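Before any comments, here is the structure.
The values are calculated or read from the model by the stated rules, or taken from the named source; none is laboratory data. Bear in mind the structure is a predicted one, so any value in this text is a computation, not a measurement. When we count neighbours, we look across all protein chains shown, and the Cβ atoms used for this are built from the backbone with ideal geometry, even at glycine. Remember, those area values only see protein heavy atoms, side chains included, never the ligands or the DNA or RNA. Shrake-Rupley method; radii C 1.70, N 1.55, O 1.52, S 1.80 Å.
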Amino acid sequence: MVSATRTAHEIEVTAESLQEDLARLEIQKQALERELAAVAAHLDSVQRALSALTVLMGEPSGRRAAEQPEQAKADVPVVASTARTPQEQSAPRQTRPPQKGRPAASSPAEAEESRSYGALTEQILEYFAGVGDAEVRARDVAAALGRDTDSGSINAVRSTLDRLVGTSRLRRAGRGLYRAQKS
């Protein structure tokens, strides 16, 4: 009788430990997915900047330079994937047509990320509208938006700031400093 009680207790302890591990791994997975999304956004930003510079330079080899980022993408291994349940695997995907200049999301998670990036852009622009002509660090912007919990979230803010500078919606005031664009 004592061994049955002891065994039940050990099973309970193991189950609790596994539940804690599961919660920790879910948080880690979400952080890694955000970080991957930030890297992908930064990669897109760099590719667009490179394309714009190639056009500005007027190089006859512009086609070769534009092809290099595509080759780099092909050489990058996929580092994260999301597990799908059997119901999700058999269900047909419903996707919207791609927006002009933006590839279609290949999964519901990517679609959610792209919607949150649009929201992040708007949040950042609202924040800069409120701070006026002050110079602000990316980390301070992330903190003000509640996105300073991990490096992936902060990097997403940095990438978005860089894209906004690239589209002249914000300006860089110095190394790591950003300022609202004067109207």
Exactly one of L32, L53, L18 is within 20 Å of R163 (Cα to Cα), assigned to a helix (DSSP H, G or I), open to solvent by 80 Å² or more (accessible area, probe 1.4 Å) and modelled with pLDDT of 85 or more, and that residue is L53
Restricted to segment 35-50 and to residues being over 25 Å from R147 (Cα atoms) and in contact (Cβ under 8 Å) with a residue 60 or more places away in the chain, the residue most open to solvent (accessible area, probe 1.4 Å) is R48
The correct count of residues that are small (G, A, S) and buried (at least 16 other Cβ atoms within 10 Å of the Cβ) in segment 116-161 is 7
